[in-house]
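Everything below concerns the one structure shown next.
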Amino acid sequence: MPETVRMRQADSGGLWNRNFRLFFVARTVAVFGDGMVPVALAAGLLGAGRPASSVGYALAAWIGPFAVLVLFGGVLADRFTPRRMMILADALRLVGASVLALSFAAGDPSVWVVYGLSAVSGVGAALFQPGVASTVPRIAHDIQRANAVLRVCEALMTMAGPAFAGLVVGLSGGAGAVFAANAATFGVSGACMFLLRLSPVGDPVRRGSLVSELVDGWHEFTARSWLWGVNAIWTVYGLTVAGPMMPLTAVLVTKGHGAGTYGALMGVHGAGSVAGGLLALRLRPGRPLAAGAVALLGVVVNLVVLGLDMSVLALGIGQFAGGAAFAFWLVMWSTTVQTHVPADALNRLHAYDVSGSLLMMAAGRALAGPVAERVGAEQVLLAGVVIMVAVVGALLGARPVRELRRVE
C-alpha cells in the first residue's frame, strides 16, 4: 500500500476536523483574493492611462517566477515542511499586495514597481503551491471528498473574486482598495496555516543539495509510468487546447455577442465547475483516471460549439459541460496523485506536474493569437476538437493510466 496512506494525520470527527476547517478557509480566501488581481491590475494600470499591454506584462511578471521557481518550491517544502513554506509564501504575498495597495492609493506607480511586486507574488505562489498536494492527505481520511469540497469552493471563489473586485473598484474608484482586500486574504490564509497542527510525516531524511533533490524528484517522477504518461499527454493538451481556448473564447464571444455575454458565459463555466466538483463528491470510480478521461469529452462539446459559432444557448451548454468535465478530472487526478505517491516525494512530484502544465498552457496562450490570425480562431478551436478526442483516446489507451486502481 502506498506510503501516503500510512502518513495521513487526519483528526477524528470526519472530514470537517479542525485542521481541515483551517485549511479550507485558507484556500477559499486565497483563491478569492487571486480572483481580484486581474481586475485590480486592469483598473489601476488602464485607469492611469497605461497601454493594455501593461496588464499582460504585469500578469506575465507573476506567472514567470511561478513557473520557474515552483520546482524549487517543491524541494524546499520537503526540506522545511510544507506548512512553513506556505506561511512564508503568504507573508510574501501579503507584503506584495500591501505595497501595491499603498502605491495605487498614493497615485500612479511606475509600471516597473507593479511588475516587480507582481513577481514577488509569483514567488510566493511558487512556494505555496507544492504544499497543497501533500497537506490534503494529512488532514483528511477521505481524500477524494476533501478534494471535491475544495474544488467546489475554489470554483465559487473564482467567480466571486472578480465580481467583488469590480464592485470595490466601482465604489472606491481605484485599485488600491482591491489590493488592500487582496492583502487581507493572504493575512487570513497565513493565520490559518500557522494554526494548523500537523504531526511529522516520519523520521527526518538526510537531504542533499537542491539540485540533487530536483534530480531525485525527476527520477521519482519518471519511475511512475501513469504519472509521466498523463503529463506527457497533458503537455499536448495544454499547448494546443487549454492554452488557446481561453483567449480565443474571449475574442470570439466578445466580438460576436458582446462583453456582457462573455462575462455571463464565464459564470456558467464556473457553475459547471461547481457541478463537476459535486459529482466527484458522489461518484467513486474504481479506476479514477479512466473515469476522469471519459469526463473530459465535455471539453470536446465546448470546443465544438465555440468553433462552429453556435447560439448563445449552445455556448452556455458548452461552457457548463467544459467546466464540469475539467473539475471532475482535477478531483480524480489530485486524489490519484495524493494516494499513489510516497509522502517524501509528493511535494516535488506535484511541483513537476504543475510546472510542466503551466509552461505549456502559457505557451499555448502566447501562440494562440498569431496562429488564429493566420488560419482563423474558429479553425484553431475545431482543430482542438480533433486533438482533444485524441487526448482522451491516449489517456484511455495507455494501460498504466486506464487500469490504475483507486486507493481507499
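Of all residues in the range 144-194, exactly one satisfies the criterion of being outside any helix (DSSP H, G or I) and either under 30 Å from His340 (Cβ atoms) or without any contact (Cβ under 8 Å) to a residue 24 or more places away in the chain (or both), namely Gly173. Do we find that Val99 is touching a residue at least 12 places away in the same chain (Cβ under 8 Å), more than 21 Å from the chain's Cα centre (by Cα) and surrounded by 24 or more Cβ atoms within 10 Å (Cβ to Cβ) in this structure? Judged against the criteria, Val99 is not a match. Cβ-Cβ distances below 7 Å connect the following pairs, each with a first residue in the range 18-32 that is under 15 Å from Leu198 (Cβ atoms), a second residue that is of a type in the set (Lys, Arg), and a separation of six or more residues or different chains: Asn19/Arg197. Inspection of the range 279-289 finds a residue satisfying the criterion of being assigned to a helix (DSSP H, G or I) and over 20 Å from Leu156 (Cβ atoms). Which is under 20 Å from the mean Cα position of the chain (by Cα) and surrounded by fewer than 21 Cβ atoms within 10 Å (Cβ to Cβ), of Ala60, Ala105? After ruling out the rest, the residue left standing is Ala60. Scanning the range 318-362 for residues being among the charged types (D, E, K, R) and crowded, with 22+ Cβ neighbours inside 10 Å gives a total of 2. Going residue by residue through the range 27-37, is there one that turns out to be over 19 Å from the mean Cα position of the chain (by Cα) and assigned by TED's automatic domain parsing to the domain that holds Val114? No: zero hits. The number of residues in the range 125-157 being under 15 Å from the mean Cα position of the chain (by Cα), at pLDDT below 90 and polar (S, T, N, Q) comes to 1. Restricting attention to the range 240-251, the residues being of a type outside the set (Gly, Ala, Ser) and surrounded by fewer than 20 Cβ atoms within 10 Å (Cβ to Cβ) number 3. When Leu330, Leu315, Leu359, Leu396 are checked against the criterion of being farther than 18 Å from Gly131 by Cβ, under 16 Å from the mean Cα position of the chain (by Cα) and either assigned by TED's automatic domain parsing to the domain that holds Leu239 or small (Gly, Ala, Ser) (or both), Leu359 stands alone in meeting it.
Please tell me if Ala242 is touching a residue at least 40 places away in the same chain (Cβ under 8 Å), assigned to a helix (DSSP H, G or I) and farther than 19 Å from Gly318 by Cβ. Answer is no for this residue. Whenever a residue of the range 258-282 is without any contact (Cβ under 8 Å) to a residue 24 or more places away in the chain, its partners that are crowded, with 21+ Cβ neighbours inside 10 Å, lying with C-beta atoms within less than 7 angstrom and at least six residues away or across chains, give the pairs Tyr262/Val253. Within the range 383-394, residues that are on the phi < 0 side of the Ramachandran plot have Cβ atoms under 7 Å from residues that are surrounded by fewer than 19 Cβ atoms within 10 Å (Cβ to Cβ) in these pairs: Val385/Val304; Ile387/Val236; Val391/Val236; Val392/Leu297, counting only partners at least 6 apart in sequence or on another chain. Counting only helices (runs of 4 or more DSSP H) wholly contained in the range 304-408, the ones carrying 3 or more residues that are in contact with a helix residue (DSSP H, G or I) (Cβ under 8 Å, 6 or more places away or on another chain) and closer than 29 Å to Tyr262 by Cα occupy 312-340, 343-375, 377-397.
The values are calculated or read from the model by the stated rules, or taken from the named source; none is laboratory data. The structure presented is a predicted model; accordingly, all values stated were derived computationally and were not measured. Counting neighbours? That spans all protein chains shown, and the Cβs are built from the backbone with ideal geometry, glycine included.
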